[in-house]
1. Nearest 500 deg cm²/dmol is fine: what mean residue ellipticity at 222 nm does the chain get from its DSSP H runs of n ≥ 4 alone, each adding -39,500 (n - 2.57), divided by its residue count?
2. Most exposed first by the Cβ proxy, i.e. fewest other Cβ within 10 Å, how do 297, 37 rank?
3. Please compute the Cα-Cα pair-distance distribution of the chain with 10 Å bins starting at 0, giving whole percents from short to long.
4. Using alpha-carbon positions, what is the distance between the centroids of the range 92-165 and the range 318-341, in Å?
5. Between residue 251 and residue 157, what is the spin-label point distance in nm, taking each point 7 Å from the Cα along the Cα→C-beta axis?
6. Let me check against my output: what whole-number percent is the relative contact order of the range 10-147, with C-alpha pairs under 8 Å and at least 6 apart?
7. When the chain is treated as a GNM, springs tying every alpha-carbon pair under 10 Å, which of 131, 256, 264 comes out with the largest mean-square fluctuation?
8. Convex hull over the Cα atoms of the range 3-86, averaged projected area in nm²?
């Protein structure tokens with residue numbers, strides 16, 4: 001059986017290893033943290049992600065390598081390719097790492113996207129605001145996630161404040177989109193080109209961090225989401241699971257961003273789908289047949305941000321499945337999640353509400 005390397009040993013690496021162990025895989029992780037939460041599930045190489053000696057060791061140890069987050073240095077992936085196979089590829093990573101590249105990619109492949117403009121100076125910001133109008137969102141082009149590196153501009157006074165906070169690094173200004181809802185699709189493509197799609201997921205964010213996700217099998221926008229995801233994966237010759245986030249505006253889905261990895265909005269698949277996103281990612285990068293992506297029941301997920309609620313109280317609610325990342329509590333940090341299943345949609349909503357009542361604000 002194959003030995004798989006994972007760049008990053010956080011909760012996504014942990015859940016990949018938990019899904020892969022029954023398939024016979026073993027794991028090595030590279031992560032600079034002293035005791036990351038996935039470390040106990042394999043060999044942990046404690047090193048920075050650009051440490052060539054550590055990357056060489058990872059490449060020699062492993063039959064293939066993947067990554068759990070998209071801020072991996074692209075040069076590290078190029079270096080690893082001298083020693084082993086890496087999926088997803090560098091092209092996908094570089095596209096997702098830069099918001100301007102990403103939005104331009106969507107536009108070039110006829111995927112609807114909101115208006116945007118590159119910003120590298122105060123003058124360019126003023127011109128972009130004059131063109132796109134307010135409200136708008138100013139974001140760093142790189143290294144932004146969970147609401148980091150972005151500011152909403154509602155009034156002219158916000159422009160100067162945002163520039164003082166974010167100026168000095170490449171930025172992108174995005175027109176504010178008056179969306180009906182936020183949705184995502186978890187898609188998977190194998191190294192042989194086989195594709196599968198999970199049901200559309202409806203998401204709610206708080207302070208830029210995903211709060212809850214609910215699977216919506218049979219959603220009327222499923223085909224549109226699949227079409228957009230298919231275009232992206234084919235254009236990038238992608239292998240693995242990809243999360244694709246959209247804004248619904250009337251009868252259209254506008255692309256927000258892609259994540260070239262397993263995705264938070266797909267955690268419900270652990271307990272609510274025939275095959276989890278984590279298992280399917282491993283199947284895809286190793287060329288195994290993809291697993292069935294159908295739902296087993298109505299399913300949703302709630303993130304635990306900052307600290308965990310009382311486990312016993314949560315588990316008293318029927319259909320709850322506890323996932324603890326074994327992380328130190330910290331404001332704004334994802335420390336776990338609960339998947340919730342139910343035989344009917346109304347009962348799922350009721351159970352979600354009961355769990356939400358037990359979660360203190362982050």
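Laboratory data are not the source of any read-out in this text; all were calculated from the coordinates shown. What you are looking at is a predicted structure, and each value in this text was computed from that prediction instead of being measured. So basically every Cβ, Gly included, is an ideal-geometry build from the backbone, and we count neighbours across all protein chains shown.
1. On the way: 12 runs with 112 residues, N = 362.
Result for the chain, helices only: -9000 deg cm²/dmol.
2. Values: 297 17, 37 21.
Ordered from fewest to most neighbouring Cβ atoms within 10 Å, 297, 37 come out as 297, 37.
3. So the P(r) values, bin by bin, are 5, 24, 33, 27, 10, 1.
4. A separation of 31 Å, based on Cα centres.
5. Label at residue 251, label at residue 157, 4.3 nm between them.
6. Numbers: 144 pairs, mean separation 21.0, N = 138.
Relative CO of the range 10-147 lands at 15 percent.
7. 131
8. 4.6 nm²
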